[in-house]
Amino acid sequence: MAKSNKPIVWGLFAAGGTVTAFVIPALVLLTLLPALGVVPELLAYDNLRAFAGHWLGKLVLFAIIFLSLWHAAHRLRVTLHDFGVRADLLVAIAVYLAAATGSLAAAYYLLRL
């Protein structure tokens, strides 16, 4: 029986969906508060910079970005297939390459902090 890469892709998709559903709305709310002029002490720039500069903060932020990108890539692949785009190999290469590029860019910028 031939081995399949589907468990890897589906695992990333499921984890990314969970992270995207639970964490991203909270992050949007927390970033909207300072934009609206309501800045609790926890969301002060120095505190957020310290969080993003710590190795654990970098790891958490990278995991959120990585999983969300891979979830979006797989969802886009399936959606394009549902819309009738049958060039699955080309679509898979394009969307997963975009997710990998975004993941590498996130890692690069997080490491520069």
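What follows draws every value from the coordinates through simple rules; no lab data is involved. This one's a predicted model, so the numbers in the text were calculated from it and none came from an experiment. Cβ atoms come from the backbone with ideal geometry, glycine included; neighbour counts cover every protein chain shown.
A few points about this structure:
- Exactly one residue out of 72, 14, 105, 63 is in a helix (DSSP H, G or I), of a type in the set (A, V, I, L, M) and surrounded by 16 or more Cβ atoms within 10 Å (Cβ to Cβ): that is 72.
- The set of residues from region 17-44 being over 23 Å from residue 75 (Cβ atoms), of a type in the set (Gly, Ala, Ser) and surrounded by 11 or more Cβ atoms within 10 Å (Cβ to Cβ) comprises just one member, 44.
- Options 22, 13, 62; residue that is under 18 Å from the mean Cα position of the chain (by Cα) and touching a residue at least 60 places away in the same chain (Cβ under 8 Å): 13
- Among residues of region 75-92 being in a helix (DSSP H, G or I) and of a type in the set (A, V, I, L, M), the one that is nearest to residue 22 (Cα to Cα) is 76.
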